[in-house]
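The values are calculated or read from the model by the stated rules, or taken from the named source; none is laboratory data. The shown structure was predicted, so the numbers you read here are calculated from the model rather than taken from an experiment. Heads up, the Cβs are rebuilt from the backbone with ideal geometry, glycines too, and the neighbour counts pull from every protein chain shown. These accessible areas exclude ligands, DNA and RNA; they are computed on the full protein's heavy atoms, side chains included. Shrake-Rupley method; radii C 1.70, N 1.55, O 1.52, S 1.80 Å.
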Amino acid sequence: MSRPRLLILTAVASLFSALSVTPIAMADDAPKKPTADETGFVSLFDGESLDGWKKSTENPDSWKVVDGMLVCEGERCHLFYTGELAPLKNFHFKADLKLMPGSNAGIYFHTKYQATDWPKHGYECQVNVSHKDPKKTSSLYGVENVDAETLAANGIRDNEWYTQEIIVRGKHIELKVNGKTLVDYTEPSEKEAFSDRFERRLGEGTFALQAHDPQSKAYFKNLRVKPLDE
């Protein structure tokens with residue numbers, strides 16, 4: 001084979017080789033979106049079943065697992081975490097949430113299982129963007145409340161996912177939405193145990209998700225928690 005022909009064939013082979021591998025290399029080397037540090041977090045929901053969770057006995061059909069999400073829609077019913085990590089005292093909790101317009105729900109913590117009624121123990125982190133209740137998402141319900149103007153200023157809307165965080169350490173509670181702190185509360189040492197038949201005091205307990213009413217529909221996914229030291 002003549003040298004010019006060999007050089008041409010070599011050049012063509014090199015061109016085909018470059019064309020075949022370049023897209024793969026670009027895909028592998030493409031910059032990846034930064035993610036939050038999830039070290040130490042443990043999943044509370046397997047995305048397929050209610051293993052590790054227990055419904056209250058009233059209106060159990062209000063909670064379902066759909067496409068890897070916990071979905072509530074219907075009359076009042078609470079879904080309590082009963083997995084191996086419960087009870088918890090100090091922790092960092094995260095979950096991704098989405099609400100349909102006019103919906104109300106909630107996330108209780110430091111609570112305990114109840115078959116009926118509103119949970120009497122622990123605090124509630126409100127889940128509400130446009131429901132008529134003026135206490136909005138990330139309120140420490142009835143203790144330190146977030147209003148609609150604050151939510152709007154932080155870009156929280158119905159039909160859009162947001163991340164709720166609950167951090168408890170000792171007597172301190174921090175509630176964050178999409179990484180921004182909306183509630184920073186320290187429980188007074190002299191706080192009475194009960195108020196209006198509800199105990200809202202830190203101790204230890206589990207989580208409970210709230211189905212509030214038939215006009216409300218909320219989605220929960222990626223529920224995880226990181227136990228914290230004292």
Residue ID - surrounded by the most Cβ atoms within 10 Å (Cβ to Cβ), chosen from residues in segment 118-137 that are in contact (Cβ under 8 Å) with a residue 40 or more places away in the chain and part of a loop (DSSP other than H, G, I, E, B): 137
Residue match in segment 102-109 (condition: assigned to a loop (DSSP other than H, G, I, E, B), open to solvent by 10 Å² or more (accessible area, probe 1.4 Å) and more than 25 Å from residue 37 (Cα to Cα)): yes
Test for residue 22: is it open to solvent by less than 70 Å² (accessible area, probe 1.4 Å), of a type in the set (Val, Ile, Thr) and modelled with pLDDT under 95: yes
Residue count for segment 27-72, restricted to those that are touching an Asp or Glu at 6+ places or on another chain (Cβ under 9 Å), assigned to a strand (DSSP E or B) and either modelled with pLDDT under 95 or open to solvent by 70 Å² or more (accessible area, probe 1.4 Å) (or both): 1
